[in-house]
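Scroll down for the structure; my scribbles are underneath it.
Here, each number is a calculation from the coordinates, and none is a lab measurement. In this text, all values refer to a predicted model and were calculated from it rather than measured experimentally. We place every Cβ from the backbone using ideal geometry, glycine too, and count neighbours over all the protein chains shown.
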């Protein structure tokens, strides 16, 4: 066997051995809490989802199984509704008071979920995403 083939074989072997470790990188610390809030316009419609602690954009968030997602609700009641499948045990949060809470369920790894944020009594919808890492 040539030296280049041996080197390639070793490199492939090392990558395969690290496969489970690399796959786990997306979910190093499962069980985290993601605190989100809604940025609303003057008419109370939601225009953005933000991280509660630093105001960073959260229209797309990455989560792990067993993570908790908490949306802080101010103003009119809001509802989080998933089209089709949901990463939580519910598909529609219903119109909640000051918080909407979901725990990411097993079996959702590697999937992406679009959801709608609906505002009670208003005809406005925002469509952010949740990506469940492996």
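Modelling each spin label as a point 7 Å along the Cα-to-Cβ direction, I'd like the residue 134/residue 66 distance in nm, to one decimal.
1.9 nm
Using C-alpha positions alone, give me the convex hull volume of segment 31-132 per residue in cubic angstrom. Write down the numbers at each step before the final one.
On the way: hull volume 8.6 nm³, N = 102.
It is 85 Å³ per residue.
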